[in-house]
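The structure appears right after this line, and notes come after that.
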Amino acid sequence: MGDSKEAGAEAPPAGAAARGRLSLLSQGDSEEPSAQGSALFLGGSEVKSRAVVKYSSAPPRTAFARLEEKTDLKLPPANWLRESARLGPAGTTILGNSKKSKPFSSFGMAYDFIDSVGNDVDVVSDSENIKKLLKIPYSKSHVSMAVHRIGRTLLLDELDIQELFMRSSQTGDWTWLKEFYQRLIDQKWQRKKKSKEHWYQKAILSKFLYYSINGDGAAQPVPSAAEQQEPSSSDQTNDSDGASWPAPFEMPSSVSEDPSASSQGSEPLEPSYIVGHVASAPKEQNLTTLFNDGENSQGLKNDFVRNILWTFEDIHMLVGSNMPIFGGGRYPAVSLRLRDNNKPINVLTGIDYWLDNLICNVPELVMCFHVNGIVQKYEMIKTEEIPNLENSNFSTKVIKDIAQNILSFLKSNCTKEGHTYWLFKASGSDIVKLYDLTTLCEETEDKYQNPFTMPVAILLYKVACNMMMKKNQNKKHYGTIRTLLLNCVRLLDKSRHPQIIASANYMLSELFQLDEPKKEENSESPLNENSDESYSEEEEEMPDSDENGSYSTGSDPSDDNKAVAVIKSVGELSVPEKYKSIHQIRPSCAFPVCHDTEERCRLVLSYVLEGLKSVDSSIKKESDLPAADPNTPIPLKYEDESAGGGPEGLEKQMALFLDKMGSLQKGNYSSQSGMIPGSWQHKMKLQLILKSSKAYYVLSDAAMSLQKYGRALRYIKLALQSHDTYCCLCTNMLSEVLLFLSQYLTLCGDIQLMLAQNANNRAAHLEEFNYQTKEDQEILHSLHRESSCQGFAWATDLSTDLESQLSVSCKCYEAANEILQFSDLKSQNPEHYVQVLKRMGNIRNEIGVFYMNQAAALQSERVVSKSVSTAEQQLWKKSFSCFEKGIHNFESIDDATNAALLLCNTGRLMRICAQAHCGAGDEFKREFSPEEGLYYNKAVDYYLKALRSLGTRDIHPAVWDSVNWELSTTYFTMATLQQDYAPLSRKAQEQIEKEVSEAMMKSLKHCDVDSVSARQPLCQYRAATIHHRLASMYHSCLRNQVGDEHLRKQHRVLADLHYSKAVKLFQLLKDAPCELLRVQLERVAFAEFQMTSQNSNVGKLKTLSGALDTMVRTKHAFQLIREELVEEFAQPKSQETTPAADSSPSLNREEVIKLLSIFESRLSLLLLQSIKLLSSTKKKTSSNLEEDVVLKTNKQIYSQLLRATANKTASLSERIDILVHLLDQLARGGGGAVQ
């Protein structure tokens, strides 16, 4: 007949009773809009109360049976103490609050509602404890409670001193607290026995409740023997069960828990943190574990009928209640009470009833009055009317103030997580004192005697676990998680609880994200170690209480020194806001600010080391390991790899490594310490080792970016040693771990390459490499317990040989690539795969260049006449092979730019091969050999391939220009060599000239003179030189050729064209005056040669005018020479100590003097011939005014030139000045040229 709505307060899941086990309601189930609790308005003042059932194991509600008058409750009903389907499987546990609260009841609730602990809830406790606290000002009875703080949540549990000291008398435990209690509080303590009246009242209450659910109202007595025996025996049993105390801290070394309590999944590579999934207690220890769900749960099981989230004003409480709730009456839910008609209700009873109804959100109270067990009458009272009952008047506002004051007092003084506080008020006393039992316990011989230590530590751990599961959403809580875990570790004995210690340390290491930049939040807070212990650095002194006041019992005044805080009088609790707490919201625990990556990694490694120590200490050694002192550095081998076979030895090591990687795929397992696969030690050590390898990798990467390559190699060696140990222990290698290994080897390759390129600082790098911290030594010592850590020795030794370093770097990249091939990681991680192949291509380019430079060095040392040596050829082959593999690497990832650069380097190798063949033979008989031509043509092919690889200049202009320049140089070199060392023994002159011309034109085609760049002057000089050489070649052909007039004319035109282009380009350059002068002189000689074939004076005169005009245009070259001479003359005076490093190349004075002499002689000759021709023309023809002026000018200039050349003492500058002056005159006077 139970109502399903149950006043909107209770919504147990369907079938909870049938399941007979814990059933958690989701937030949606328990907080429907219609089930939001109630706000009661009492006497004009408002007290807000809201109750939401989070969990209930109660059966469907039963309507209470109104008993007939004169029913004798002393007679037991037929169903008394028998299980009933309507009562559910828990039987009498559901009915009445006769069952005493267990000492760890709040912990059972906290474990079940771990989400609420530390954040949302202020108090977790049994409803009986809450009521007892709120009745303190009204009651003279004693109060004894244990208080624990977890975040902003306080856990309250009854601390039954009588039961505790009874146990102490039997076992000898808790003697320190018994002595303390007797010394300070009650010197003549003895156990108080409960009266017969107490048992009588419990018995008739039990019978009354059974009558009320019987339904027929008829009392069916049981035999009288049972009537006399069963009540007391059953109640005593219940009572003793309710105070079952666990053994005082001889706990098993590992703790299991109900795996169903947490069903959150875990991310890959992250353990599920919760301790329970690992191991059970060792066989030697016969003690029951704390967290199983069996009968021996030692009080840590949540055995309340219902758990309620009760909000009283602004206080949020998670409360456990066993109060029986019935249906019927005007409301669907009522509480049922039995009262002796001869005893009026007092304030304490009224508060009791009122709070019970508020907590369970029951709107009505039904009281059954009896006299000597005979039912008299029933009375129904609304919950809001209870405070106004006769003889039971109390102010709900005062109750609210008491609640707020007690909570503020406790939060202000119970500041240290993990500490057990004792709130104590002696019977009949008005003084409430708070002691820190943890501090008192630590003063004894065995500081682990506090039985609360283990449950508190586990709760701290579980709260941290729960927050870690949501870490992606709650990174701001990292400081809180860290504090929880540090306090958990601080509470536990390392030798007894290695599993929790190891797991907590692993979680601490997980808080620091190694692959993320440092956090900006809380950056203003310094790293404060004291914040680990408490939320406030100092225990707050209450402003209105005198903690050092005298104690009214007349005991020693120094006794108060043991108390953390004192409430001088319980009356203070009724004063509004007497104890104003500043701790209502927990201050955020500052997460350590790691100012750099190294600091962050070092913190991680410190936690990893503590975890490894815990794991190692728990492993039973079946055979003694080789003795190793963690304080003694493990020597790092340093030897010249070239002595050990160099690259050849490396090949063998690589083969062994790849065999090992193949075996990992099959899941081979080998541990030297004898760890059992699947044990918690095995799982935890795997995680810790993997974390250490990641930390060392990040440290190595950071050192690499700081260019500390020796340090970087040391760290990556430690990372690889960690990974090697992981491989030995791992039974099933995950693809993510293989990816890490590939990344480690890639970084190792980078470091070896940088060491090879920075050989100058080898001593400093070696010193950094050999340095070891104590922490690193101890971690390495733990690794050596499992494996030799030599699997990657081939990759991490610091060699002095450049070739070995480059080879090791290459092998690292190859190994990283092989790993990506093993489990198809390359398709899952395309970016990393591309990076590895890029590095492989790059290192092969470096090795190729290394061998190429060695070959060039051998070539330069070789005697010219000697042929190519075998060593050179071997180096060419090695270099070519490296370039070819590198090109393949880049082409496989469509990296056209780098492929083009390697093709370009291959072209350069071909040119070196060609140069090697040019030295063979006699210098005087030197000819351009077929081998040279072959290699130069191969070089051209590779350069053209590079251009095809790039496609267009837009893809990478700099590389495109570089390849074009190298191609132009190759054509130019080939043409120059053919021109200077013509292979006349093999080819005809005409064919050679054609090949030279073609090669020069191709070189010109790839020589970009128009684009503005740093290389533009070089291109202009190259183009000018090409035009000059072509002009000279055609000039030479014209001189030597006889016969074919058409061909002669063609050569004449080409020579003139190329001379003019060469002059134009040389004029653009400021640092090539000699070349410009030489070209102009050759043009003059070309004009003179043309003049020899002319017969008429007019033709000759015209050619002479052109030649003199060319002479005039050389003025620009002389001006450039003069400027350079002036600079050279001025420089020693102004910058005596500074070399002219940034000036243009110094002038070749000998060449200038030689060219100047030739110029003077040619100008003199031209002027003389001009004068002769003009004079003879003047005699034959009538006078021409223009010719007369030219003749006169030429004569004057000729005269001055003769005088100047006759002066042998004139300096170079003076001679140039005279020539420039004469050329000016010649230009003004016409010089005989047709203007």
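In the range 355-378, what residues are surrounded by 17 or more Cβ atoms within 10 Å (Cβ to Cβ), in a loop (DSSP other than H, G, I, E, B) and more than 60 Å from the chain's Cα centre (by Cα)?
Once the filter is applied, which keeps residues that are surrounded by 17 or more Cβ atoms within 10 Å (Cβ to Cβ), in a loop (DSSP other than H, G, I, E, B) and more than 60 Å from the chain's Cα centre (by Cα), the range 355-378 yields only 373.
Quick check on my filter: what residues within the range 48-74 are touching an Asp or Glu at 6+ places or on another chain (Cβ under 7 Å) and modelled with pLDDT of 85 or more?
Within the range 48-74, 48, 52, 53 qualify.
Conditions tested, residue by residue: (1) open to solvent by 20 Å² or more (accessible area, probe 1.4 Å); (2) within 27 Å of residue 986 (Cβ to Cβ); (3) in contact with a helix residue (DSSP H, G or I) (Cβ under 7 Å, 6 or more places away or on another chain).
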site: 879; (1), (2), (3): no, no, yes
site: 948; (1), (2), (3): yes, no, no
site: 963; (1), (2), (3): no, no, yes
site: 967; (1), (2), (3): no, yes, yes
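State all residues of the range 1045-1061 that are touching a residue at least 12 places away in the same chain (Cβ under 8 Å), open to solvent by less than 50 Å² (accessible area, probe 1.4 Å) and farther than 11 Å from residue 1079 by Cβ; if no residue qualifies, say none.
1051, 1054, 1055
Being at pLDDT 90 or above, more than 23 Å from the chain's Cα centre (by Cα) and under 21 Å from residue 832 (Cβ atoms) narrows it down to one of 704, 754, so name that one.
That would be 754, the only listed residue that is at pLDDT 90 or above, more than 23 Å from the chain's Cα centre (by Cα) and under 21 Å from residue 832 (Cβ atoms).
Evaluate the following for residue 920: is it open to solvent by less than 10 Å² (accessible area, probe 1.4 Å) and either modelled with pLDDT of 90 or more or among the aliphatic types (A, V, I, L, M) (or both)?
Working: open to solvent by less than 10 Å² (accessible area, probe 1.4 Å): no; either modelled with pLDDT of 90 or more or among the aliphatic types (A, V, I, L, M) (or both): yes.
Against the criterion (open to solvent by less than 10 Å² (accessible area, probe 1.4 Å) and either modelled with pLDDT of 90 or more or among the aliphatic types (A, V, I, L, M) (or both)), residue 920 does not qualify.
Quick one: is residue 818 more than 20 Å from residue 902 (Cβ to Cβ) and part of a helix (DSSP H, G or I)?
When the stated conditions are applied, residue 818 passes them.
Within the range 757-782, can you find the residues that are open to solvent by less than 10 Å² (accessible area, probe 1.4 Å) and among the aliphatic types (A, V, I, L, M)?
779, 780
Yes or no: the range 985-999 includes at least one residue that is closer than 25 Å to residue 1017 by Cβ, out of contact with any helix residue (DSSP H, G or I) (no Cβ under 9 Å at 6 or more places or on another chain) and of a type in the set (Gly, Ala, Ser).
Taking every residue of the range 985-999 in turn, none turns out to be closer than 25 Å to residue 1017 by Cβ, out of contact with any helix residue (DSSP H, G or I) (no Cβ under 9 Å at 6 or more places or on another chain) and of a type in the set (Gly, Ala, Ser).
Scan the range 591-624 residue by residue and report those that are open to solvent by 30 Å² or more (accessible area, probe 1.4 Å), more than 18 Å from residue 686 (Cα to Cα) and either at pLDDT below 60 or assigned to a loop (DSSP other than H, G, I, E, B) (or both).
Result: 595, 596, 621, 622, 623, 624.
Looking at the range 49-61, which of the residues that are in a loop (DSSP other than H, G, I, E, B) and open to solvent by less than 20 Å² (accessible area, probe 1.4 Å) is nearest to residue 322 (Cα to Cα)?
58
Exactly one of these conditions fails for residue 847: (1) free of Cβ contacts under 8 Å to residues at least 60 places away in the same chain; (2) surrounded by fewer than 22 Cβ atoms within 10 Å (Cβ to Cβ); (3) part of a helix (DSSP H, G or I). Give me its number.
(2)
For the range 945-1004, which residues satisfy the criterion of being under 26 Å from residue 896 (Cα atoms), touching a residue at least 40 places away in the same chain (Cβ under 8 Å) and not in a helix (DSSP H, G or I)?
951, 955, 956
When you look at residue 791, is it more than 24 Å from the chain's Cα centre (by Cα) and crowded, with 22+ Cβ neighbours inside 10 Å, yes or no?
No: the conditions fail for residue 791.
Would a scan of the range 1006-1013 turn up a residue that is within 29 Å of residue 960 (Cα to Cα) and outside any loop (DSSP other than H, G, I, E, B)? Steps first, answer last, please.
Going residue by residue through the range 1006-1013, those that are within 29 Å of residue 960 (Cα to Cα) are 1006-1013.
With outside any loop (DSSP other than H, G, I, E, B) added as a condition, the list becomes none.
Checking the range 1006-1013: not a single residue is within 29 Å of residue 960 (Cα to Cα) and outside any loop (DSSP other than H, G, I, E, B).
What's the total number of residues in the range 888-897 that are more than 30 Å from the chain's Cα centre (by Cα) and either aromatic (Phe, Trp, Tyr) or open to solvent by 50 Å² or more (accessible area, probe 1.4 Å) (or both)?
Within the range 888-897, residues that are more than 30 Å from the chain's Cα centre (by Cα) and either aromatic (Phe, Trp, Tyr) or open to solvent by 50 Å² or more (accessible area, probe 1.4 Å) (or both) number 4.
For residues that are among the aliphatic types (A, V, I, L, M) and within 16 Å of residue 971 (Cβ to Cβ), scanning just the range 1025-1035, find the one that is most open to solvent (accessible area, probe 1.4 Å).
So, considering only residues that are among the aliphatic types (A, V, I, L, M) and within 16 Å of residue 971 (Cβ to Cβ), the one most open to solvent (accessible area, probe 1.4 Å) is 1033.
Among 345, 381, 406, 351, which is the only one that is open to solvent by less than 10 Å² (accessible area, probe 1.4 Å) and touching a residue at least 24 places away in the same chain (Cβ under 8 Å)?
351
Residue by residue through the range 118-127, note down the ones that are touching a strand residue (DSSP E or B) at 6+ places or on another chain (Cβ under 7 Å) and at pLDDT below 85.
Correct list: 118, 120.
The values are calculated or read from the model by the stated rules, or taken from the named source; none is laboratory data. No experiment lies behind these values; they were computed from the predicted model shown. Don't worry about glycine lacking a Cβ; one is built from the backbone with ideal geometry, like all the others, and counts go over all protein chains shown. When the accessible area is computed, the model is the full protein with side chains, heavy atoms only, and any ligands, DNA or RNA have been set aside. Shrake-Rupley method; radii C 1.70, N 1.55, O 1.52, S 1.80 Å.
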